[in-house]
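The values are calculated or read from the model by the stated rules, or taken from the named source; none is laboratory data. Keep in mind the model is a prediction, meaning the values are calculated, not measured. Here the Cβ positions follow ideal geometry from the backbone for every residue, glycine too, while neighbour counts run over all protein chains shown. Just the protein is used for accessible areas: all its heavy atoms, side chains included, with ligands, DNA and RNA removed. Shrake-Rupley method; radii C 1.70, N 1.55, O 1.52, S 1.80 Å.
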Amino acid sequence: MNAKFTPRGGFFKSIRLQTCPTNLPSERRRMSSQIIPVEPFDYVVFGGTGDLAERKLLPALYHRQLAGQLTEPTRIIGASRTAMTDDEYRQYTLAALKEHLKAEELDEAELAKFLARIFYVAVDAKSDQGWPQLKTLLDAGKDIVRAFYLAVSPSIFGDIADKIRDHKLITKSTRIVVEKPIGRDLASAQALNDTIGKVFKEEQIFRIDHYLGKETVQNLMALRFANALYEPLWNSAHIDHVQITVAESVGLEGRVTYYDKAGALRDMVQNHILQLLCLVAMEAPSSLDAEAVRDEKLKVLRSLKPITGANVEKLTVRGQYRAGASAGGPVNGYQEELEATSDTETFVAIKTEINNWRWAGVPFYLRTGKRLASRMSEIVIAFKPIPHSIFGESAGRIEANKLVIRLQPDEGVKQWLMIKDPGPGGMRLRHVSLDMSFAQAFEVRNPDAYERLLMDVIRSNQTLFMRRDEVEAAWNWVDPILKAWEEIGQKAQGYTSGTWGPSQAIALIERDGRTWHEND
């Protein structure tokens, strides 16, 4: 095909796609009734040549183009220190889409429209280089929504915010999006929030956690608050315990420098896992208004039972993967990948409780790690067993009911129940699941989390983003754990890659007479 780009320089290129899709127009027709176009916007992606932009942001914005959600004169503007022209950045974008999307997703007409929206400015966060050029470009669309996405190191968040202010790039419709980590402890998080808060109002700041954009996380809200079935049972009278697992089968994956300074507690628990815990445990908000939802999440964070030096060894496990095997074959241990000696944890398991009436006495078991047996993120609501069986030993063991909410890789919900085994041979009970796979239940494509969140920024919908006091309340709970580990010298226990973590994590839950949920 021939794609013509007339803005800023006139670019003519022949773009060869591997296949020509035949089903996308009908898919878009099926989706059109569910897609609400957003108003025109300029998205400036700082770190526009980085890994996040390449793997997630550009593909997500292209999918919104494909769905018919982008309106004229929307533009996507890459910004980084790398010298590059508009045309070169369009070629970079095209290469990223070809690498990270399926060939059948690359619709020729929509791809041409999308690439015409792409622009680029070379800017330096530490100097004024490139900023006048960015201002000139943005001034052409000064009456539309303007979003700045900081897909860069947090160390330069403040520099970029200051430059945006100094070069008068803030309009009444400006938003700024910041990626984690928001600090490495409470003090640094407060300092970072102060720095950004001097330039932008709180309602303009979008602290993104992509886990909150996942379809299943949204369905957790619907499951609880749109059905009469679960909410009356959602308390300590009926729930025995809750498990939240975020497991990765990969190792460092090019994040050596960051990860060794962070570790699993900072990288995953302080943000992703605590946010999931909040959605499970929070009270029903008065509405889906962003402030109402975030007020309830904040109450949960402030109700978490403290973990200190007095109980940290009993309630937490640190682990670090050793050499072992993954689906691709043998793999090195963490320190071999790092090429240095380190006690940074790549696994953490925690038992905690929430000190309020709804959840008093209900343990929440949290775990996350790298190089585990499989890639899997799920929430398990384990209900209490029946108080008495009428069936006798010949019927078999009666398992307690479980509600399993799978976030990845196969998003869906399973309700585990006891039923009679079919047949005339007497009463034999089986533990089976009622399954709802989102991919199978709905014809429409399941959007990536970033697609939803990027559009929520344009809509100025803060519901799925973290408020400043949420971030700081999470650090207020995590900081004493980090301090206690350091004070008592709690070491990271080794575990073989391809397993479910150190044996101490199994003991953490089994000494309470429970087990980790690891089957489908």
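Taking the stretch 99-181, which trypsin sites (Lys or Arg not before Pro) meet the DSSP loop condition and have no more than 14 other C-beta atoms within 10 Å?
Qualifying residues, ordered by number: LYS102, LYS126, LYS142, LYS168, LYS172.
Could you check the simple spin-label distance between ALA116 and ILE398, using points 7 Å along Cα→Cβ, in nm with one decimal?
Going from the ALA116 label point to the ILE398 one covers 6.7 nm.
Which chymotrypsin sites (Phe, Trp or Tyr not before Pro) in the stretch 314-365 pass both tests, a DSSP loop state and at most 14 other beta-carbon atoms within 10 Å?
Hits after loop and neighbour filter: TRP357.
Search the structure for amide H atoms under 5 Å from the amide H of SER377, placed 1.01 Å from N in the peptide plane, and list their residues when 5 or more places away or on another chain.
Long-range HN contacts for SER377: ALA247, LEU407, GLN408.
Which loop-located trypsin sites (Lys or Arg not before Pro) does the stretch 452-495 contain, where loop means any DSSP state but H, G, I, E or B and the Cβ has at most 13 other Cβ atoms within 10 Å?
LYS491
Taking the simple approach of a point 7 Å from Cα along Cα-to-Cβ for both GLU203 and ALA140, what is their distance in nm?
Simple spin-label model gives 3.1 nm for this pair.
Go ahead and run the numbers for FRET between LYS172 and ASN311, Cβ-Cβ distance against an R0 of 51 Å, rounding to 0.05.
0.55
Rg to Rh for the stretch 369-520: what is it, with Cα atoms only and Rh by Kirkwood?
Ratio of gyration radius to Kirkwood radius for the stretch 369-520: 1.05.
Equivalent-ellipsoid semi-axes (√(5λ), Cα gyration tensor) for the stretch 240-341, whole Å, largest first?
The answer is 33, 17, 13 Å, longest axis first.
Just to confirm, what accessible area per residue do you get for the chain at 1.4 Å probe, in whole Å²?
Accessible surface, normalised per residue, equals 44 Å².
First measure r as the distance between the Cβ atoms of SER342 and ALA191, then evaluate 1/(1 + (r/R0)^6) with R0 = 25 Å and state the FRET efficiency to the nearest 0.05.
E(calc), rounded to 0.05, equals 0.45.
How much mean residue ellipticity at 222 nm does the chain get from its helices, if each DSSP H run of length 4 or more adds -39500 (n - 2.57) and you divide by all residues, to the nearest 500 deg cm²/dmol?
That comes out to -9500 deg cm²/dmol.
Provide the per-residue ³J(HN,Hα) series for the stretch 428-433, in order, calculated from phi with Karplus coefficients 6.51, -1.76, 1.60 and θ = phi - 60°, each as a whole number of Hz, with x at glycine and proline positions.
With the stated coefficients, the stretch 428-433 comes to 10, 9, 10, 9, 10, 10 Hz.
Could you quote the convex hull projected area for the stretch 248-308, Cα atoms only and averaged over all directions, in nm²?
6.0
Name the residue farthest towards the positive end of the dipole of the chain from the options ALA484, GLY328, HIS210, assuming +1 on Cβ of Lys and Arg, -1 on Cβ of Asp and Glu, about the Cα centre.
So the residue furthest toward the plus end is HIS210.
Can you give the translational diffusion coefficient of the stretch 321-432 in µm²/s, computed by Stokes-Einstein from the Kirkwood radius over Cα pairs at 25 °C and 0.890 mPa s?
Reported coefficient: 135 µm²/s.
Working with all protein chains in place, sort ASP289, ASP421 by solvent-accessible area computed with a 1.4 Å probe, largest first.
Most to least solvent-accessible, the answer reads ASP289, ASP421.
Let me cross-check SER394: its accessible surface, 1.4 Å probe, with only protein heavy atoms counted, in Å² to the nearest 10?
100
Would you work out the Kirkwood radius for the stretch 86-183? I mean one over the mean of 1/r across all pairs of different Cα atoms, in Å.
15.5
In the chain, how does Rg compare with the Kirkwood Rh, expressed as the Rg/Rh ratio over alpha carbon atoms?
0.99
Hey, any idea what Rg/Rh is for the stretch 46-110, computing Rh the Kirkwood way over Cα pairs?
Reported Rg/Rh, Kirkwood definition of Rh: 0.95.
Would you give the gap between the C-alpha center of the stretch 330-356 and the C-alpha center of the stretch 52-99, rounded to a whole Å?
35
Can you pull the percent of the chain's accessible area that's carbon plus sulfur, 1.4 Å probe, other chains left in place?
Its accessible area is 51 percent carbon and sulfur atoms.
Principal axis extents for the stretch 106-257, Cα atoms only, whole Å, descending order, please.
Extents along the principal axes: 62, 48, 38 Å.
Out of all DSSP beta bridges with both ends in the chain, state the antiparallel percent to the nearest 5.
Of the beta bridges lying entirely in the chain, close to 55 percent run antiparallel.
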